[in-house]
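See below for the structure under consideration.
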Amino acid sequence: MIIDLRSDTVTKPTKGMLEAMWSAQVGDDVFGEDPTVNALEQKLVGMFGMEAGLFCPSGTMTNQIAIKLHTGPHKEVICHKYSHIYLYEAGGIMANAHASVKLLEGAYGKITAKDIAENLSPDDVHACETTLVSLENTMNKGGGSIYSLEEVKPIKTLCDKHHVKLHLDGARLFNALVVTGEDPKEWGAQFDTISICLSKGLGCPIGSVLLGNKTEIKRARKIRKSFGGGMRQAGYLAAAAIYALDYHVDRLAEDHARAKAIGQMLEKHPLVSEVFPVLTNIVIARLQGISPEDFLSKLSAKGIKAVKFGKDQIRFVTHLDFRDEMLEAFEDRVKEI
Ligand SMILES: *Cc1c(COP(=O)(O)O)cnc(C)c1O
């Protein structure tokens, strides 16, 4: 039995999801005529209390569209130096929006209103004016850390005061909301745009949705087209997403419990010096006396897959296809290393 904890993107659609996809009503979404895509966009719009939504193939595309909406040449986005938009989107901030980026530091991948206030670039002839702040929740490289609404509200107030837009890379926002119990509408009220991934913990084969106001999502639709992301009978994919929103949100708590158990096991391991606090489905362990490459190859010999995540760190992510019997096997195998 191979235990694949490289990412929560490795899941395959469940039987119920496949049935939902099979029976979807579809049309040409570039003409706006796919009823299932429209229903998915409206479902998330309703949940978050925002005005409009746009279904895209990936979270990279929804983030990149948002950055292009809110920045441009001679403009700057502020984000944490561990942000997905900066580290893992192939230089898209520069390549797509021609914008500059200012990277901030902060524990577990999070930034504060104070850090941002000290780093806003003015609309001055010498400067690259800040027009966007981007947060990530949960924060992948921070070990699945969570922003609370109380941390976000002062950032929103600051951004409003300076006419700076606020974007949320909410690839794993539902993981955070399942832990905090906060109302998605409260989150919708804090941000100009929110990107939500359906292909992570929610278990869809593909897809992300960008939420925002009507004017910006209308522009986003054109940017999506220019990125080559205008899809036709995409309702088969949107049907998987609607199914996931109905059946795969509450169960994220199971992924979190299994991730906590993995964190506790690793903390006791002699080759692990530190485990980041495990709040959601991501476990980051710092190694001692062994390189990530060597530790990963020992895991791989035991049928366990994880990834290197920094010079002395590895990452495990729990998901829909990681079940309790695998957790038991994980414990037995890791003890032997
Ligand atoms: C996965 C992920 C994305 C989007 O990735 P895609 O693979 O392009 O869908 C964006 N942000 C974070 C934090 C992610 O983990």
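Every read-out reported here was derived from the displayed coordinates using simple, explicitly stated rules and does not represent laboratory data. As the structure is a prediction and not an experimental result, all values here were calculated from the model. Note that we place each Cβ from the backbone using ideal geometry, even for glycine, and neighbour counts take in every protein chain shown.
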Inset, instruction - Kindly provide the set of residues from the stretch 164-218 that are over 22 Å from Leu252 (Cα atoms), hydroxyl-bearing (Ser, Thr, Tyr) and in contact (Cβ under 8 Å) with a residue 12 or more places away in the chain, ordered by number. - result: Thr193
Legend entry - Residues located in the stretch 124-148, provided they are surrounded by fewer than 22 Cβ atoms within 10 Å (Cβ to Cβ) and of a type in the set (A, V, I, L, M, F, W, C): Val125, Ala127, Cys128
Inset, instruction - Restricting attention to strands (runs of 3 or more DSSP E) lying wholly within the stretch 127-216, give those where 1 or more residues are touching a strand residue (DSSP E or B) at 6+ places or on another chain (Cβ under 8 Å) and away from the ligand (no atom under 16 Å from the Cβ). - result: 129-136, 165-170, 208-212
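Per-residue answers, yes or no, for (1) outside any helix (DSSP H, G or I); (2) within 24 Å of the chain's Cα centre (by Cα):
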| site | (1), (2) |
| --- | --- |
| Leu245 | no, yes |
| Ala253 | no, yes |
| Ala259 | no, yes |
| Met265 | no, no |
| His269 | yes, no |
| Leu279 | yes, yes |
| Gly289 | yes, no |
| Phe295 | no, no |
| Ala329 | no, no |
Inset, instruction - Could you tell me which numbered condition Ser121 fails, if it satisfies all but one of (1) more than 16 Å from the ligand (Cβ to nearest atom); (2) assigned to a helix (DSSP H, G or I); (3) surrounded by 16 or more Cβ atoms within 10 Å (Cβ to Cβ)? - result: (2)
Legend entry - Filter result for Gly207 (buried (at least 22 other Cβ atoms within 10 Å of the Cβ) and either touching a Ser or Thr at 6+ places or on another chain (Cβ under 8 Å) or acidic (Asp, Glu) (or both)): yes
Inset, instruction - Taking Glu151 as the residue in question, decide whether it is under 20 Å from the mean Cα position of the chain (by Cα), of a type in the set (Asp, Glu), surrounded by fewer than 24 Cβ atoms within 10 Å (Cβ to Cβ) and farther than 23 Å from Leu54 by Cα. - result: yes
